[in-house]
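This report refers to the structure that appears directly beneath it.
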Amino acid sequence: MKMVLSEDVVSLTDFARNTKKHTKDLADTGRPRVLTQNGKAAAVVLSPEAFEKMAHDAQEYLLDVRLRKAIERHLAGERGIAGKKAFASLREETVARRKARK
């Protein structure tokens, strides 16, 4: 998500007065809005699609980290759990995540 400071930082008052315009812009651009109060950042607003993508990307990153750590443990001699059991667990997690997104 790339921000355009001249367009994506607005006052809380402006956002409240022009909510319809700002929410349409959020949906159209996919970029967040930083809302300021008294000149300081007070909140960040995202479209539901942008939030879902960000949450999905974060989850994928965490899974990658877990996989890297598991590979490192395996290379260090730890054998962990059997492959069938591990893949069954991964399938269950994947199904649960997909159901949660619907």
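Here are the numbers for the structure shown:
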| read-out | value |
| --- | --- |
| Residue with peak Gaussian network fluctuation, the chain [Cα springs, cutoff 10 Å], from 69, 20, 84 | 84 |
| Dimensions (Å) - the chain, Cα atoms, principal axes, largest first | 59, 29, 18 |
| Neighbour-count ranking [beta-carbon atoms within 10 angstrom, fewest first] of 66, 79 | 79, 66 |
| Non-local Lys pairs in the stretch 37-102, i.e. 8 or more apart or on different chains, that have alpha carbons under 20 Å apart | 4 |
| Convex hull projection area averaged over all views, the stretch 5-46, Cα basis, nm² | 2.6 |
| Hydrodynamic radius (Kirkwood) for the stretch 49-101, which is based on Cα pairs only, to one decimal in Å | 12.6 |
| Part-to-part distance (alpha-carbon centres) for the stretch 73-102 and the stretch 1-46, which is given in Å | 39 |
| Residues whose placed amide H lies under 5 Å from that of residue 36, excluding near-sequence neighbours | 10, 11, 12, 42 |
| Ranking of 10, 65 by count of other Cβ atoms within 10 Å, fewest first | 65, 10 |
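Read-outs: derived from the displayed coordinates by stated rules, not from any lab. As the structure is a computational prediction, the values presented were derived from the model and not from experiment. With ideal geometry, Cβ positions are generated from the backbone for all residues, glycine too; neighbour counts draw on all protein chains shown.
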